[in-house]
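Novice: The structure under discussion is supplied below as C-alpha coordinates; questions concerning it will follow.
The values are calculated or read from the model by the stated rules, or taken from the named source; none is laboratory data. As the structure is a computational prediction, the values presented were derived from the model and not from experiment. Here the Cβ is made from the backbone with ideal geometry for all residues, glycine too, and neighbour counts use every protein chain on show. Surface accessibility is based on the protein's heavy atoms, side chains included, excluding ligands, DNA and RNA. Shrake-Rupley method; radii C 1.70, N 1.55, O 1.52, S 1.80 Å.
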Amino acid sequence: MKINISQMNDDPINSIRESYDRLAEEYARRISDELQHKPLDRELLDRFAKETGERGEVCDMGCGPGHVARYLRDAGASVFGLDLSTGMLQQARKLNPDIPFRQGNMMSLDIPDGSLAGIAAFYAIVNIPRRSLPVVFREIRRVLQSGGLLLLAFHTGDEVRHEDELWGQKISMDFLLLPPAEIKLDLEAAGFTIEDVVEREPYPDVEYPSRRAYIFARKP
(Lines give C-alpha, C1' and ligand atoms only; values in the text may rest on other atoms or scores of the structure.)
Protein backbone atom coordinates (compact mmCIF):
# COMPACT_ATOMS: atom_id res chain seq x y z
CA MET A 1 0.00 0.00 0.00
CA LYS A 2 1.47 3.34 -1.09
CA ILE A 3 0.24 6.24 1.01
CA ASN A 4 1.83 9.64 0.59
CA ILE A 5 0.84 10.93 4.03
CA SER A 6 3.56 13.57 3.98
CA GLN A 7 1.98 15.16 0.91
CA MET A 8 -1.58 15.35 2.25
CA ASN A 9 -2.83 18.94 2.48
CA ASP A 10 -3.68 20.36 5.90
CA ASP A 11 -6.90 21.80 4.39
CA PRO A 12 -7.89 19.13 1.85
CA ILE A 13 -11.35 20.54 1.13
CA ASN A 14 -10.00 23.96 0.15
CA SER A 15 -7.26 22.30 -1.90
CA ILE A 16 -9.83 20.10 -3.70
CA ARG A 17 -12.01 23.12 -4.49
CA GLU A 18 -9.13 25.20 -5.83
CA SER A 19 -7.72 22.31 -7.87
CA TYR A 20 -11.03 21.56 -9.57
CA ASP A 21 -11.61 25.25 -10.23
CA ARG A 22 -8.36 25.22 -12.21
CA LEU A 23 -9.25 21.98 -14.00
CA ALA A 24 -12.90 22.75 -14.71
CA GLU A 25 -12.75 23.86 -18.34
CA GLU A 26 -10.42 21.09 -19.47
CA TYR A 27 -12.24 18.54 -17.32
CA ALA A 28 -15.53 19.41 -19.03
CA ARG A 29 -13.93 19.16 -22.46
CA ARG A 30 -12.52 15.71 -21.73
CA ILE A 31 -15.22 14.16 -19.54
CA SER A 32 -18.62 15.60 -20.43
CA ASP A 33 -19.36 12.98 -23.11
CA GLU A 34 -17.68 9.99 -21.46
CA LEU A 35 -20.88 8.05 -20.69
CA GLN A 36 -21.50 7.33 -24.34
CA HIS A 37 -18.39 5.10 -24.19
CA LYS A 38 -19.34 3.35 -20.92
CA PRO A 39 -22.22 0.88 -21.38
CA LEU A 40 -22.13 -0.56 -17.86
CA ASP A 41 -22.25 2.90 -16.30
CA ARG A 42 -25.31 3.73 -18.42
CA GLU A 43 -26.97 0.47 -17.43
CA LEU A 44 -26.42 1.16 -13.73
CA LEU A 45 -27.62 4.76 -14.02
CA ASP A 46 -30.75 3.54 -15.83
CA ARG A 47 -31.36 1.14 -12.95
CA PHE A 48 -30.88 3.94 -10.42
CA ALA A 49 -33.26 6.27 -12.30
CA LYS A 50 -35.89 3.55 -12.57
CA GLU A 51 -35.74 2.75 -8.84
CA THR A 52 -35.90 6.40 -7.73
CA GLY A 53 -37.93 8.07 -10.48
CA GLU A 54 -41.33 8.01 -8.77
CA ARG A 55 -40.06 8.61 -5.24
CA GLY A 56 -38.88 12.20 -5.52
CA GLU A 57 -35.80 14.32 -6.16
CA VAL A 58 -32.32 12.86 -6.59
CA CYS A 59 -28.87 14.41 -6.37
CA ASP A 60 -25.86 13.96 -8.63
CA MET A 61 -23.28 14.48 -5.89
CA GLY A 62 -19.86 15.71 -7.00
CA CYS A 63 -21.51 16.50 -10.33
CA GLY A 64 -18.52 18.03 -12.12
CA PRO A 65 -19.66 19.28 -15.55
CA GLY A 66 -23.08 17.69 -15.05
CA HIS A 67 -23.00 14.79 -17.50
CA VAL A 68 -24.33 12.26 -14.98
CA ALA A 69 -27.12 14.66 -13.99
CA ARG A 70 -27.98 15.10 -17.66
CA TYR A 71 -28.10 11.35 -18.20
CA LEU A 72 -30.34 10.86 -15.16
CA ARG A 73 -32.66 13.69 -16.26
CA ASP A 74 -32.96 12.11 -19.71
CA ALA A 75 -33.73 8.78 -18.01
CA GLY A 76 -36.68 10.35 -16.19
CA ALA A 77 -35.20 11.41 -12.84
CA SER A 78 -35.96 14.70 -11.12
CA VAL A 79 -32.32 15.61 -10.55
CA PHE A 80 -30.09 18.42 -9.38
CA GLY A 81 -26.30 18.53 -9.28
CA LEU A 82 -24.11 19.44 -6.34
CA ASP A 83 -20.40 20.22 -6.38
CA LEU A 84 -17.77 21.89 -4.22
CA SER A 85 -16.10 23.69 -7.12
CA THR A 86 -17.40 27.01 -8.45
CA GLY A 87 -15.59 26.38 -11.71
CA MET A 88 -17.22 23.00 -12.18
CA LEU A 89 -20.65 24.45 -11.47
CA GLN A 90 -20.06 27.14 -14.10
CA GLN A 91 -19.30 24.44 -16.65
CA ALA A 92 -22.29 22.35 -15.58
CA ARG A 93 -24.70 25.28 -15.88
CA LYS A 94 -23.31 26.26 -19.28
CA LEU A 95 -23.61 22.72 -20.66
CA ASN A 96 -26.94 21.89 -18.98
CA PRO A 97 -28.96 25.09 -18.58
CA ASP A 98 -32.19 23.19 -17.87
CA ILE A 99 -30.83 21.37 -14.79
CA PRO A 100 -30.37 23.05 -11.38
CA PHE A 101 -26.88 22.95 -9.84
CA ARG A 102 -25.89 23.95 -6.31
CA GLN A 103 -22.64 24.43 -4.46
CA GLY A 104 -22.11 22.23 -1.43
CA ASN A 105 -19.75 20.19 0.73
CA MET A 106 -20.67 16.53 1.08
CA MET A 107 -19.24 16.45 4.61
CA SER A 108 -21.81 19.04 5.71
CA LEU A 109 -24.78 19.02 3.35
CA ASP A 110 -27.16 21.96 3.30
CA ILE A 111 -30.05 19.59 2.51
CA PRO A 112 -32.96 18.76 4.85
CA ASP A 113 -33.14 15.41 6.60
CA GLY A 114 -34.95 12.68 4.69
CA SER A 115 -35.60 14.80 1.61
CA LEU A 116 -33.99 12.89 -1.27
CA ALA A 117 -35.13 9.74 -3.06
CA GLY A 118 -31.59 8.97 -4.17
CA ILE A 119 -27.99 10.09 -4.52
CA ALA A 120 -25.68 9.14 -7.38
CA ALA A 121 -22.08 9.78 -6.34
CA PHE A 122 -19.86 8.93 -9.31
CA TYR A 123 -16.26 9.26 -8.13
CA ALA A 124 -17.33 11.94 -5.67
CA ILE A 125 -15.31 10.36 -2.84
CA VAL A 126 -12.03 9.78 -4.66
CA ASN A 127 -10.34 12.91 -3.26
CA ILE A 128 -11.81 12.77 0.25
CA PRO A 129 -9.39 11.70 3.02
CA ARG A 130 -10.10 8.11 3.98
CA ARG A 131 -10.71 9.08 7.61
CA SER A 132 -13.51 11.43 6.51
CA LEU A 133 -15.55 8.90 4.51
CA PRO A 134 -17.66 7.77 7.50
CA VAL A 135 -18.74 11.41 7.95
CA VAL A 136 -19.70 11.61 4.26
CA PHE A 137 -21.70 8.39 4.42
CA ARG A 138 -23.57 9.50 7.53
CA GLU A 139 -24.45 12.79 5.85
CA ILE A 140 -25.69 10.96 2.76
CA ARG A 141 -27.83 8.68 4.90
CA ARG A 142 -29.23 11.66 6.80
CA VAL A 143 -30.56 13.42 3.71
CA LEU A 144 -32.04 10.31 2.10
CA GLN A 145 -35.66 9.31 2.61
CA SER A 146 -36.41 6.00 4.28
CA GLY A 147 -35.84 3.54 1.45
CA GLY A 148 -33.66 6.07 -0.38
CA LEU A 149 -30.98 4.71 -2.70
CA LEU A 150 -27.27 5.51 -3.01
CA LEU A 151 -25.29 4.57 -6.12
CA LEU A 152 -21.61 5.01 -5.30
CA ALA A 153 -18.81 4.64 -7.87
CA PHE A 154 -15.07 4.68 -7.16
CA HIS A 155 -11.66 3.37 -8.23
CA THR A 156 -10.64 0.13 -6.53
CA GLY A 157 -7.31 -0.56 -4.89
CA ASP A 158 -5.61 0.32 -1.63
CA GLU A 159 -3.40 3.34 -2.11
CA VAL A 160 -3.31 7.12 -2.29
CA ARG A 161 -1.75 8.84 -5.29
CA HIS A 162 -0.82 12.49 -4.91
CA GLU A 163 -0.89 14.73 -7.98
CA ASP A 164 0.65 18.20 -8.32
CA GLU A 165 -0.19 18.60 -12.01
CA LEU A 166 -2.95 17.39 -14.32
CA TRP A 167 -3.70 18.36 -17.92
CA GLY A 168 -1.21 21.21 -17.72
CA GLN A 169 -2.70 22.72 -14.56
CA LYS A 170 -1.04 22.95 -11.16
CA ILE A 171 -3.13 21.17 -8.53
CA SER A 172 -2.64 19.60 -5.12
CA MET A 173 -4.88 16.58 -4.57
CA ASP A 174 -4.79 13.04 -3.38
CA PHE A 175 -6.62 10.43 -5.45
CA LEU A 176 -7.77 7.41 -3.47
CA LEU A 177 -8.09 3.87 -4.77
CA LEU A 178 -10.38 2.12 -2.29
CA PRO A 179 -11.03 -1.52 -1.31
CA PRO A 180 -14.70 -2.33 -2.03
CA ALA A 181 -14.94 -4.61 1.01
CA GLU A 182 -13.89 -1.75 3.32
CA ILE A 183 -16.24 0.76 1.70
CA LYS A 184 -19.05 -1.76 2.07
CA LEU A 185 -18.29 -2.05 5.80
CA ASP A 186 -18.16 1.75 6.16
CA LEU A 187 -21.56 2.06 4.49
CA GLU A 188 -23.04 -0.61 6.72
CA ALA A 189 -21.59 1.12 9.78
CA ALA A 190 -23.31 4.33 8.62
CA GLY A 191 -26.63 2.49 8.57
CA PHE A 192 -26.98 1.39 4.96
CA THR A 193 -28.11 -1.97 3.62
CA ILE A 194 -25.92 -3.12 0.71
CA GLU A 195 -27.99 -4.36 -2.21
CA ASP A 196 -25.37 -4.93 -4.88
CA VAL A 197 -21.66 -4.53 -5.59
CA VAL A 198 -20.52 -4.48 -9.22
CA GLU A 199 -16.93 -4.31 -10.41
CA ARG A 200 -15.42 -3.92 -13.87
CA GLU A 201 -12.11 -3.48 -15.62
CA PRO A 202 -11.38 -0.06 -17.19
CA TYR A 203 -12.58 0.73 -20.68
CA PRO A 204 -9.42 0.96 -22.85
CA ASP A 205 -8.62 4.37 -24.34
CA VAL A 206 -11.64 5.89 -22.59
CA GLU A 207 -10.66 6.44 -18.97
CA TYR A 208 -7.89 6.19 -16.40
CA PRO A 209 -6.79 2.51 -16.33
CA SER A 210 -8.10 1.54 -12.90
CA ARG A 211 -10.61 -1.12 -11.91
CA ARG A 212 -14.01 0.37 -10.95
CA ALA A 213 -16.58 -0.51 -8.31
CA TYR A 214 -20.25 0.45 -8.01
CA ILE A 215 -22.26 -0.07 -4.84
CA PHE A 216 -26.04 0.14 -4.53
CA ALA A 217 -26.81 0.89 -0.87
CA ARG A 218 -30.21 1.66 0.61
CA LYS A 219 -31.32 3.52 3.71
CA PRO A 220 -33.67 1.15 5.54
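Novice: In the neighborhood of R211, defined by Cβ-to-Cβ distances under 12 Å, what is the net charge if each Lys or Arg adds +1 and each Asp or Glu adds -1?
Specialist: -2
Novice: If you don't mind, another one. Percentage of Cα-Cα pair distances in the chain greater than 27 Å, rounded to whole percent?
Specialist: Here the long-distance tail beyond 27 Å is 26 percent of all Cα pairs in the chain.
Novice: In addition: Which value, to two decimals, describes the C-alpha radius of gyration of segment 108-220 once divided by 2.2 N^0.38 Å?
Specialist: Relative to the rule-of-thumb radius for its length, segment 108-220 sits at 1.11.
Novice: Still on this structure, please answer the following. What number comes out for the charge environment of R93, summing +1 per Lys or Arg and -1 per Asp or Glu over other residues with Cβ under 11 Å away?
Specialist: Summing Lys and Arg as +1 and Asp and Glu as -1 gives 0.
Novice: State which entries of K38/K184; K94/K184; K94/K219 exceed 26 angstrom in Cα-Cα distance in the structure shown.
Specialist: K94/K184; K94/K219
Novice: For Cα pairs less than 8 Å apart in space and 6+ apart in sequence, what is the mean separation divided by the residue count of the chain, i.e. the relative contact order in percent?
Specialist: In percent, rounded to a whole number, it is 21.
Novice: While we're looking at this one, here's another question. Hey, can you find the accessible area per residue of segment 143-214 for me, probe 1.4 Å, expressed in square angstrom?
Specialist: I get 45 Å² per residue for this part.
Novice: Which residue, D174, D33, D21, has the most motion in a Gaussian network model of the chain that connects Cα atoms within less than 10 Å?
Specialist: Maximum among the listed residues: D33.
Novice: With a bin width of 5 angstrom, please list the P(r) values of segment 168-220 as percents of all Cα-Cα pairs, from the 0 bin to the one holding the largest distance.
Specialist: 4, 16, 21, 18, 16, 13, 8, 4, 1
Novice: Determine the sum of side-chain charges near D113: Lys and Arg each +1, Asp and Glu each -1, restricted to other residues whose C-beta is under 13 angstrom from that of D113.
Specialist: Details: positive: R138, R141, R142, K219; negative: D110, E139.
Summing Lys and Arg as +1 and Asp and Glu as -1 gives +2.
Novice: Express in whole angstrom the spacing between the alpha-carbon centres of segment 149-220 and segment 41-64.
Specialist: 17
Novice: Okay, moving on. Using only helices, what value at 222 nm comes out for the chain when you add -39,500 (n - 2.57) per DSSP H run of length 4 or more and divide by the total residues, to the nearest 500 deg cm²/dmol? Show your work: numbers first, answer last.
Specialist: Details: 6 runs with 73 residues, N = 220.
-10500 deg cm²/dmol, from helical runs alone.
Novice: As a test of the definition: which semi-axes, in Å, follow for segment 8-51 when you take the square root of five times each eigenvalue of its alpha carbon gyration tensor? Largest first, please.
Specialist: 29, 16, 8
Novice: Could you quote the convex hull projected area for segment 44-134, Cα atoms only and averaged over all directions, in nm²?
Specialist: Orientation-averaged projected area of the Cα hull: 5.9 nm².
Novice: Still on this structure: What translational D, rounded to a whole number of µm²/s, comes out for segment 126-173 from Stokes-Einstein when the hydrodynamic radius is the Kirkwood one over Cα pairs, at 4 °C and 1.567 mPa s?
Specialist: My calculation gives 97 µm²/s for D.
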